[in-house]
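See structure below.
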Amino acid sequence: MPDVRVVGGLVLVLLAGCGGSKSPVERVLLREGRVDPGVGVSSLKLGMSVQTVEKTFGKPSLRVVTPGGNTAMDLVYGDVGVRVIVRSDNGRVVRIVCGVPDTSEGMSFEGSTAQDVKVGSSAQTVARAYGPAPAQTATTLDYPELGIQFIMEEGRVVKMSVMAAKPAASQPQATAP
């Protein structure tokens, strides 16, 4: 017979439904989290080790190992709409992708940036918040100096990708005669 206590029962249901997560509250906070360009999403930060990610958020719903290159694996947290990309040489988080899941399984990410850019925002909303994109394609708006990329479909944000910010290329200094 289930525990009838309202708070206790709710917590037990949440724990049972999170796929082994050590902290269901952290997963909910991640799904609704603040996207900080060049830093991370909620308490998931660039530079974290795989062990710290799994200790904080539990085991991912999917682990994708990529042979060769710099990427060792992707940790997919489909229930919160987040993919964590880890480098092979140091086992650290180098990119966090938030948004619409790649498959029909999973949930969409519901968080936003401090400027209220979120999944579903228009390209115009992104431009008002961050200015014209220094680099863009038909499907991306890239802000490398800030450490964020917006992946677009039909003029709307479907994913936000957080990575380390890259310093702007310095302009040559004029020399005095």
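Every read-out reported here was derived from the displayed coordinates using simple, explicitly stated rules and does not represent laboratory data. A quick note: this is a predicted structure, and the numbers were derived from the prediction, not measured. Because the Cβ atoms are built from the backbone with ideal geometry, glycine has one as well, and the counts that use them run over all protein chains shown.
Taking θ = phi - 60°, what integer Hz values does the Karplus form 6.51 cos²θ - 1.76 cosθ + 1.60 yield along region 88-94, in sequence order, with x for Gly and Pro?
6, 6, 9, x, 10, 5, 10
Can you give me the long-range amide H partners of residue 73? Hydrogens built in the peptide plane at 1.01 Å from N, cutoff under 5 Å, separation of 5 or more residues or another chain.
Residues meeting the criterion, in which the H sits 1.01 Å from N, are 66, 86.
HN-Hα J couplings of region 49-66 from phi, Karplus 6.51/-1.76/1.60, θ = phi - 60°, integer Hz, Gly and Pro as x?
Result, ordered by residue: 7, 4, 4, 5, 4, 5, 5, 7, 10, x, 5, x, 6, 8, 10, 10, 9, 9 Hz.
Straight distance only, please: which aspartates and glutamates reach the Cα of residue 166 with their own Cα at less than 15 Å, same-chain residues fewer than 8 apart left out?
Hits, sequence-local ones excluded: 36, 142, 145.
Measure off 7 Å from each Cα along the Cα-to-Cβ vector at residue 122 and residue 55, then give the distance between these two points in nanometres to one decimal.
With each label placed 7 Å out from Cα toward Cβ, I get 4.6 nm.
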